[in-house]
Amino acid sequence: MSNAVLEPKIFACTQSKVLGEKIAAAFGAEMGNVITSTYSDGEFQPSFEESVRGTRIFIIGSTNPSSENLMEMLLMLDAAKRASARHITAVIPYFGWARQDRKDKPRVPIAAKLVAKMLETAGATRIITMDLHADQIQGFFEKPVDHLFASTIFLPYLKSLGLDNLTIASPDMGGSKRAYAYSKALESDVVICYKQRAKANVISHMELIGDVTGKNVVLVDDMVDTAGTLTKAADLMMERGALSVRAICTHPILSGSAYERLENSKLEELIVTDSIPLSQESDKIRVLSCANLFADVMQNVHHNKSISSKFIM
(Lines give C-alpha, C1' and ligand atoms only; values in the text may rest on other atoms or scores of the structure.)
Protein backbone atom coordinates (compact mmCIF):
# COMPACT_ATOMS: atom_id res chain seq x y z
CA MET A 1 0.00 0.00 0.00
CA SER A 2 1.45 3.38 -0.99
CA ASN A 3 2.26 5.92 1.74
CA ALA A 4 2.73 8.74 -0.76
CA VAL A 5 1.54 12.13 0.44
CA LEU A 6 -1.06 13.56 -1.89
CA GLU A 7 -0.45 17.06 -3.20
CA PRO A 8 -2.55 19.68 -1.43
CA LYS A 9 -5.42 21.44 -3.14
CA ILE A 10 -6.20 25.15 -2.88
CA PHE A 11 -9.66 26.67 -3.06
CA ALA A 12 -10.88 30.23 -2.55
CA CYS A 13 -14.06 31.85 -1.36
CA THR A 14 -15.75 34.27 -3.76
CA GLN A 15 -14.43 37.50 -2.24
CA SER A 16 -10.83 36.23 -2.07
CA LYS A 17 -10.60 34.66 -5.53
CA VAL A 18 -8.02 37.16 -6.83
CA LEU A 19 -5.82 36.75 -3.76
CA GLY A 20 -6.36 32.99 -3.90
CA GLU A 21 -5.09 32.86 -7.47
CA LYS A 22 -1.98 34.82 -6.46
CA ILE A 23 -1.35 32.47 -3.53
CA ALA A 24 -1.85 29.38 -5.70
CA ALA A 25 0.58 30.73 -8.31
CA ALA A 26 3.20 31.46 -5.63
CA PHE A 27 2.55 28.03 -4.10
CA GLY A 28 3.04 26.37 -7.48
CA ALA A 29 -0.40 24.80 -7.74
CA GLU A 30 -3.55 25.20 -9.75
CA MET A 31 -6.64 26.66 -8.13
CA GLY A 32 -9.18 24.00 -7.25
CA ASN A 33 -12.53 23.98 -8.99
CA VAL A 34 -15.41 25.10 -6.80
CA ILE A 35 -18.70 26.53 -8.00
CA THR A 36 -21.40 28.33 -6.04
CA SER A 37 -25.09 27.94 -6.81
CA THR A 38 -27.44 30.67 -5.63
CA TYR A 39 -31.16 30.38 -5.01
CA SER A 40 -33.54 33.21 -5.86
CA ASP A 41 -33.87 34.17 -2.18
CA GLY A 42 -30.11 34.65 -1.81
CA GLU A 43 -29.26 31.29 -0.22
CA PHE A 44 -26.09 29.85 -1.77
CA GLN A 45 -24.34 26.48 -1.91
CA PRO A 46 -20.65 25.96 -2.71
CA SER A 47 -19.67 22.69 -4.36
CA PHE A 48 -16.22 21.14 -4.86
CA GLU A 49 -16.10 19.91 -8.45
CA GLU A 50 -13.20 17.53 -7.86
CA SER A 51 -12.33 14.88 -5.30
CA VAL A 52 -10.68 16.01 -2.06
CA ARG A 53 -10.81 12.62 -0.33
CA GLY A 54 -7.75 11.98 1.80
CA THR A 55 -6.00 15.22 0.80
CA ARG A 56 -4.88 18.35 2.57
CA ILE A 57 -6.87 21.32 1.36
CA PHE A 58 -6.47 25.03 1.94
CA ILE A 59 -9.57 27.21 1.78
CA ILE A 60 -8.71 30.90 1.34
CA GLY A 61 -11.17 33.56 2.38
CA SER A 62 -11.31 36.68 4.53
CA THR A 63 -14.36 36.77 6.81
CA ASN A 64 -15.02 40.50 6.98
CA PRO A 65 -18.66 41.65 6.86
CA SER A 66 -20.99 41.20 5.15
CA SER A 67 -21.75 37.97 6.99
CA GLU A 68 -21.94 36.15 3.63
CA ASN A 69 -18.14 35.97 3.57
CA LEU A 70 -18.07 34.13 6.89
CA MET A 71 -21.01 31.94 5.88
CA GLU A 72 -19.32 30.92 2.64
CA MET A 73 -16.18 29.90 4.53
CA LEU A 74 -18.26 27.82 6.97
CA LEU A 75 -20.14 26.09 4.15
CA MET A 76 -16.93 25.27 2.29
CA LEU A 77 -15.35 23.87 5.45
CA ASP A 78 -18.42 21.70 6.04
CA ALA A 79 -18.42 20.51 2.43
CA ALA A 80 -14.74 19.57 2.66
CA LYS A 81 -15.29 17.68 5.93
CA ARG A 82 -18.21 15.72 4.45
CA ALA A 83 -16.12 14.99 1.33
CA SER A 84 -13.51 13.27 3.56
CA ALA A 85 -10.63 15.71 3.20
CA ARG A 86 -7.86 14.65 5.58
CA HIS A 87 -6.62 18.10 6.66
CA ILE A 88 -8.70 21.24 6.22
CA THR A 89 -6.85 24.50 6.72
CA ALA A 90 -8.84 27.74 6.79
CA VAL A 91 -6.58 30.47 5.40
CA ILE A 92 -8.17 33.69 6.67
CA PRO A 93 -6.05 36.72 5.70
CA TYR A 94 -8.44 39.01 7.60
CA PHE A 95 -10.26 37.46 10.55
CA GLY A 96 -13.52 39.39 10.72
CA TRP A 97 -15.57 40.13 13.86
CA ALA A 98 -12.28 40.28 15.80
CA ARG A 99 -13.03 43.65 17.40
CA GLN A 100 -15.59 41.88 19.58
CA ASP A 101 -12.94 39.95 21.51
CA ARG A 102 -14.25 40.73 25.02
CA LYS A 103 -17.26 42.08 26.88
CA ASP A 104 -16.59 45.80 27.04
CA LYS A 105 -20.07 46.48 28.42
CA PRO A 106 -22.94 44.37 29.78
CA ARG A 107 -25.12 42.17 27.55
CA VAL A 108 -22.91 42.05 24.46
CA PRO A 109 -21.49 38.98 22.65
CA ILE A 110 -17.88 37.90 22.32
CA ALA A 111 -18.20 37.45 18.58
CA ALA A 112 -14.56 36.49 17.96
CA LYS A 113 -14.95 33.49 20.27
CA LEU A 114 -18.22 32.50 18.58
CA VAL A 115 -16.63 32.68 15.11
CA ALA A 116 -13.70 30.55 16.31
CA LYS A 117 -16.06 27.86 17.57
CA MET A 118 -18.08 27.94 14.34
CA LEU A 119 -14.96 27.50 12.19
CA GLU A 120 -13.87 24.49 14.23
CA THR A 121 -17.35 22.96 14.26
CA ALA A 122 -17.60 23.41 10.49
CA GLY A 123 -14.44 21.33 10.01
CA ALA A 124 -11.29 23.48 10.15
CA THR A 125 -8.34 21.49 11.51
CA ARG A 126 -5.95 24.43 11.31
CA ILE A 127 -6.19 28.21 10.97
CA ILE A 128 -3.72 30.49 9.20
CA THR A 129 -4.41 34.19 9.64
CA MET A 130 -2.58 37.52 9.72
CA ASP A 131 -2.46 40.44 12.17
CA LEU A 132 -5.38 39.60 14.42
CA HIS A 133 -6.98 42.62 16.07
CA ALA A 134 -6.02 41.08 19.42
CA ASP A 135 -3.33 38.40 19.81
CA GLN A 136 -5.30 36.56 22.49
CA ILE A 137 -7.93 35.52 19.93
CA GLN A 138 -5.59 32.60 19.20
CA GLY A 139 -6.67 31.23 22.57
CA PHE A 140 -10.29 31.02 21.42
CA PHE A 141 -9.33 28.07 19.21
CA GLU A 142 -8.68 24.48 20.24
CA LYS A 143 -7.03 23.82 16.85
CA PRO A 144 -3.55 25.08 15.84
CA VAL A 145 -3.42 28.72 14.77
CA ASP A 146 -0.58 30.21 12.72
CA HIS A 147 -0.75 33.95 13.41
CA LEU A 148 1.37 35.71 10.79
CA PHE A 149 2.62 39.28 10.96
CA ALA A 150 2.42 41.68 8.02
CA SER A 151 5.61 43.28 9.30
CA THR A 152 7.43 40.75 7.11
CA ILE A 153 5.86 42.60 4.16
CA PHE A 154 5.91 46.18 5.43
CA LEU A 155 9.39 46.46 6.94
CA PRO A 156 11.32 45.87 3.68
CA TYR A 157 9.13 48.49 1.97
CA LEU A 158 9.65 51.06 4.74
CA LYS A 159 13.41 50.50 4.63
CA SER A 160 13.38 50.98 0.85
CA LEU A 161 11.90 54.48 1.28
CA GLY A 162 15.10 55.62 2.99
CA LEU A 163 13.29 58.16 5.19
CA ASP A 164 15.45 60.37 7.42
CA ASN A 165 14.35 61.20 10.98
CA LEU A 166 11.87 58.35 10.90
CA THR A 167 9.37 58.11 13.76
CA ILE A 168 6.86 55.30 14.26
CA ALA A 169 3.47 56.30 15.65
CA SER A 170 0.57 54.40 17.16
CA PRO A 171 -2.88 55.90 16.48
CA ASP A 172 -4.08 54.72 19.91
CA MET A 173 -2.82 53.30 23.20
CA GLY A 174 -3.84 49.77 22.25
CA GLY A 175 -1.43 49.71 19.31
CA SER A 176 1.62 50.84 21.28
CA LYS A 177 3.09 47.32 21.44
CA ARG A 178 2.96 47.03 17.65
CA ALA A 179 4.50 50.49 17.23
CA TYR A 180 7.37 49.68 19.60
CA ALA A 181 8.09 46.46 17.71
CA TYR A 182 8.35 48.36 14.43
CA SER A 183 10.50 51.07 16.03
CA LYS A 184 12.88 48.44 17.37
CA ALA A 185 13.26 46.87 13.91
CA LEU A 186 13.77 50.28 12.29
CA GLU A 187 15.79 51.81 15.16
CA SER A 188 13.50 54.82 15.31
CA ASP A 189 11.60 56.91 17.87
CA VAL A 190 7.98 56.28 18.90
CA VAL A 191 5.04 58.60 19.53
CA ILE A 192 1.52 57.64 20.61
CA CYS A 193 -1.88 59.21 20.01
CA TYR A 194 -4.37 59.22 22.82
CA LYS A 195 -7.99 59.28 21.69
CA GLN A 196 -11.38 59.32 23.32
CA ARG A 197 -14.45 58.01 21.51
CA ALA A 198 -17.95 59.40 21.77
CA LYS A 199 -19.18 56.09 20.28
CA ALA A 200 -17.94 53.45 17.84
CA ASN A 201 -16.07 55.03 14.88
CA VAL A 202 -16.53 58.54 16.30
CA ILE A 203 -13.55 60.30 17.97
CA SER A 204 -14.36 63.11 20.37
CA HIS A 205 -10.80 64.10 21.32
CA MET A 206 -7.20 63.25 20.37
CA GLU A 207 -3.85 64.20 21.91
CA LEU A 208 -0.27 63.41 20.90
CA ILE A 209 2.27 61.93 23.32
CA GLY A 210 5.74 62.72 21.96
CA ASP A 211 7.48 65.14 19.61
CA VAL A 212 7.18 64.89 15.82
CA THR A 213 8.79 68.20 14.85
CA GLY A 214 10.96 67.70 11.76
CA LYS A 215 10.12 63.98 11.60
CA ASN A 216 8.87 61.69 8.87
CA VAL A 217 6.11 59.82 10.68
CA VAL A 218 4.71 56.36 9.91
CA LEU A 219 1.48 55.40 11.66
CA VAL A 220 1.10 51.66 12.29
CA ASP A 221 -2.20 49.86 12.79
CA ASP A 222 -3.76 46.45 12.10
CA MET A 223 -6.73 47.79 10.14
CA VAL A 224 -8.24 50.93 8.69
CA ASP A 225 -12.03 51.10 8.76
CA THR A 226 -13.59 54.56 8.39
CA ALA A 227 -10.09 56.15 8.37
CA GLY A 228 -11.28 58.67 10.98
CA THR A 229 -8.49 57.89 13.45
CA LEU A 230 -5.72 57.79 10.83
CA THR A 231 -6.66 61.01 9.07
CA LYS A 232 -7.21 62.88 12.34
CA ALA A 233 -3.84 61.66 13.63
CA ALA A 234 -2.10 62.61 10.38
CA ASP A 235 -3.56 66.12 10.41
CA LEU A 236 -2.61 66.55 14.08
CA MET A 237 0.99 65.50 13.44
CA MET A 238 1.38 67.83 10.49
CA GLU A 239 0.08 70.64 12.70
CA ARG A 240 2.72 69.70 15.28
CA GLY A 241 5.55 70.07 12.77
CA ALA A 242 5.95 66.68 11.09
CA LEU A 243 7.59 66.69 7.64
CA SER A 244 5.36 63.90 6.31
CA VAL A 245 2.90 61.32 7.57
CA ARG A 246 2.35 57.86 6.11
CA ALA A 247 0.33 54.95 7.47
CA ILE A 248 0.69 51.21 7.21
CA CYS A 249 -2.47 49.21 7.93
CA THR A 250 -2.67 45.50 7.22
CA HIS A 251 -6.39 45.24 6.47
CA PRO A 252 -8.05 47.91 4.26
CA ILE A 253 -11.68 47.67 5.35
CA LEU A 254 -12.27 51.27 4.20
CA SER A 255 -15.98 51.63 4.87
CA GLY A 256 -18.29 54.63 4.94
CA SER A 257 -16.51 57.88 3.99
CA ALA A 258 -13.02 56.38 4.30
CA TYR A 259 -11.88 57.10 0.74
CA GLU A 260 -13.13 60.68 0.90
CA ARG A 261 -11.38 61.23 4.24
CA LEU A 262 -8.12 59.87 2.83
CA GLU A 263 -8.25 62.16 -0.19
CA ASN A 264 -8.94 65.23 1.98
CA SER A 265 -6.35 64.44 4.65
CA LYS A 266 -2.67 65.35 4.93
CA LEU A 267 -1.76 61.67 4.86
CA GLU A 268 0.85 61.23 2.13
CA GLU A 269 0.41 57.50 1.60
CA LEU A 270 -1.60 54.60 2.99
CA ILE A 271 0.18 51.26 2.63
CA VAL A 272 -2.00 48.14 2.93
CA THR A 273 -2.05 44.47 1.98
CA ASP A 274 -4.51 42.74 -0.33
CA SER A 275 -6.08 40.73 2.52
CA ILE A 276 -9.32 42.50 1.56
CA PRO A 277 -9.94 43.70 -2.02
CA LEU A 278 -10.25 47.47 -2.40
CA SER A 279 -13.69 48.72 -3.38
CA GLN A 280 -12.17 51.60 -5.38
CA GLU A 281 -8.80 52.92 -6.50
CA SER A 282 -6.95 55.80 -4.87
CA ASP A 283 -3.64 57.47 -5.68
CA LYS A 284 -2.92 57.62 -1.95
CA ILE A 285 -3.21 53.86 -1.42
CA ARG A 286 -0.34 51.47 -2.13
CA VAL A 287 -1.14 47.75 -1.99
CA LEU A 288 1.55 45.19 -1.10
CA SER A 289 0.54 41.60 -1.72
CA CYS A 290 0.54 39.04 1.10
CA ALA A 291 0.33 36.14 -1.39
CA ASN A 292 3.98 35.07 -1.10
CA LEU A 293 3.83 35.13 2.70
CA PHE A 294 0.80 32.84 2.80
CA ALA A 295 2.13 30.58 0.04
CA ASP A 296 5.44 30.07 1.89
CA VAL A 297 3.69 29.28 5.16
CA MET A 298 1.28 26.89 3.44
CA GLN A 299 4.22 25.06 1.83
CA ASN A 300 5.96 24.70 5.19
CA VAL A 301 2.77 23.56 6.91
CA HIS A 302 2.21 20.93 4.23
CA HIS A 303 5.78 19.62 4.51
CA ASN A 304 5.82 19.87 8.32
CA LYS A 305 8.57 22.48 8.34
CA SER A 306 9.08 25.36 10.76
CA ILE A 307 7.46 28.72 9.97
CA SER A 308 9.24 30.66 12.73
CA SER A 309 11.23 32.67 10.16
CA LYS A 310 7.96 34.34 9.16
CA PHE A 311 7.52 35.91 12.59
CA ILE A 312 9.56 39.13 12.59
CA MET A 313 7.55 40.42 15.54
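The values are calculated or read from the model by the stated rules, or taken from the named source; none is laboratory data. Since this is a predicted model, take the numbers as computed values, not measurements. Here Cβ is always computed from backbone atoms with ideal geometry, including for glycine, and neighbour counts include all displayed protein chains. Areas reflect the complete protein model, heavy atoms only, side chains present, ligands, DNA and RNA absent. Shrake-Rupley method; radii C 1.70, N 1.55, O 1.52, S 1.80 Å.
With contacts defined as alpha carbon pairs under 8 Å and 6 or more residues apart, what's the relative contact order of the stretch 1-102 in percent?
On the way: 172 pairs, mean separation 28.7, N = 102.
Rounded, it is 28 percent for the stretch 1-102.
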Original post:
What's the longest bit of the chain with no exposed GluC sites (Glu not before Pro), using DSSP loop states and at most 13 other Cβ atoms within 10 Å as the test?
Top reply: 188-280
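Fully extended, how many nm does the chain gain between A185 and I35 (0.36 nm per residue separation, minus their Cα-Cα distance)? Intermediate values should be presented prior to the final figure.
Working: separation 150, 0.36 × 150 = 54.00 nm, distance 4.38 nm.
Answer, rounded to one decimal: 49.6 nm.
Dividing the convex hull volume of the alpha carbon atoms of the chain by its residue count, what do you get in Å³ per residue? Mind dumping the intermediate values first?
Numbers: hull volume 45.4 nm³, N = 313.
Given the Cα convex hull of the chain, per-residue volume reads 145 Å³.
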**OP:** Quick one: compute the contact order of the chain, relative version, from alpha carbon pairs under 8 angstrom and 6+ residues apart, as a percent.
**Re:** 13
**OP:** Give, rounded to the nearest 20 debye, the magnitude of the charge dipole that the chain has about its Cα centre when Lys and Arg contribute +1 at Cβ and Asp and Glu contribute -1 at Cβ.
**Re:** 900
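Please report the orientation-averaged projected area of the stretch 209-280, defined via the convex hull of its C-alpha atoms, in nm². Walk me through the numbers on the way to the answer.
Numbers: hull surface 17.7 nm².
Averaged projected area of the stretch 209-280's Cα convex hull equals 4.4 nm².
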Subject >> Neighbourhood charge, 12 Å Cβ-Cβ cut-off, centred on Q299 and excluding it, Lys, Arg +1 and Asp, Glu -1 >> reply: +1
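Please report the relative contact order for the stretch 64-112, taking Cα pairs under 8 Å with a sequence separation of at least 6, and give it as a percent rounded to a whole number.
Details: 30 pairs, mean separation 15.4, N = 49.
Computed over the stretch 64-112, the figure is 31 percent.
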**OP:** Calculate the spin-label point distance for D135 paired with S289, positioning each point 7 Å from the Cα along the beta-carbon direction, and give it in nanometres.
**Re:** 3.0
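Within the stretch 24-68, list the chymotrypsin sites (Phe, Trp or Tyr not before Pro) lying in a DSSP loop whose Cβ has at most 15 other Cβ atoms in a 10 Å radius.
Values: sites: F27, Y39, F44, F48, F58; in loops: Y39.
Passing sites in the stretch 24-68 are Y39.
Mind checking the per residue accessible area of the stretch 1-113 for me, 1.4 Å probe, whole number of Å²? List each step's numbers first, then the result.
Values: 6110 Å² over 113 residues.
Result: 54 Å² per residue.
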Subject >> Longest to shortest principal axis, alpha-carbon extents of the stretch 1-87, angstrom >> reply: 48, 28, 18
**OP:** Quick one: among K232, K81, K177, which has the greatest mean-square fluctuation in a GNM of the chain with alpha-carbon springs under 10 angstrom?
**Re:** K177
**OP:** Determine, from the Cβ-Cβ distance of N165 and Y194 and an R0 of 25 Å, the FRET efficiency 1/(1 + (r/R0)^6), rounded to the nearest 0.05.
**Re:** 0.65
**OP:** Taking just the C-alpha trace of the stretch 137-248, give me its Rg and Dmax in Å.
**Re:** 14.9, 48
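May I ask you to give the solvent-accessible area per residue for the stretch 136-187, in square angstrom, as obtained with a 1.4 angstrom probe?
Numbers: 2490 Å² over 52 residues.
Accessible area per residue: 48 Å².
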Subject >> Percent of Cα-Cα distances greater than 19 Å, calculated over the stretch 77-219 >> reply: 63
Original post:
Roughly how many nanometres apart are two label points built 7 Å out from the Cα toward the Cβ at S257 and K177?
Top reply: 3.4
Subject >> Evaluated over the stretch 194-313, the Cα radius of gyration and Dmax, each in Å >> reply: 16.8, 52
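Calculate, for F44 and S84, the FRET efficiency according to 1/(1 + (r/R0)^6) with r their C-beta to C-beta distance and R0 30 Å; round to the nearest 0.05. All intermediate terms of the calculation are to be shown ahead of the outcome.
Working: r = 23 Å, r/R0 = 0.76.
Result of the calculation: an efficiency of 0.85.
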Original post:
Once the other residues with Cβ under 14 Å from the Cβ of R240 are scored (Lys, Arg +1; Asp, Glu -1), what is the net sum?
Top reply: -2
**OP:** Report, to the nearest 10°, how far helix 17-27 tilts away from the longest principal axis of the Cα atoms in the chain, using its own Cα long axis and a range of 0 to 90°.
**Re:** 80
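For the chain, which whole-number percentage of the solvent-accessible area (1.4 Å probe, protein heavy atoms only) is attributable to carbon and sulfur atoms?
48
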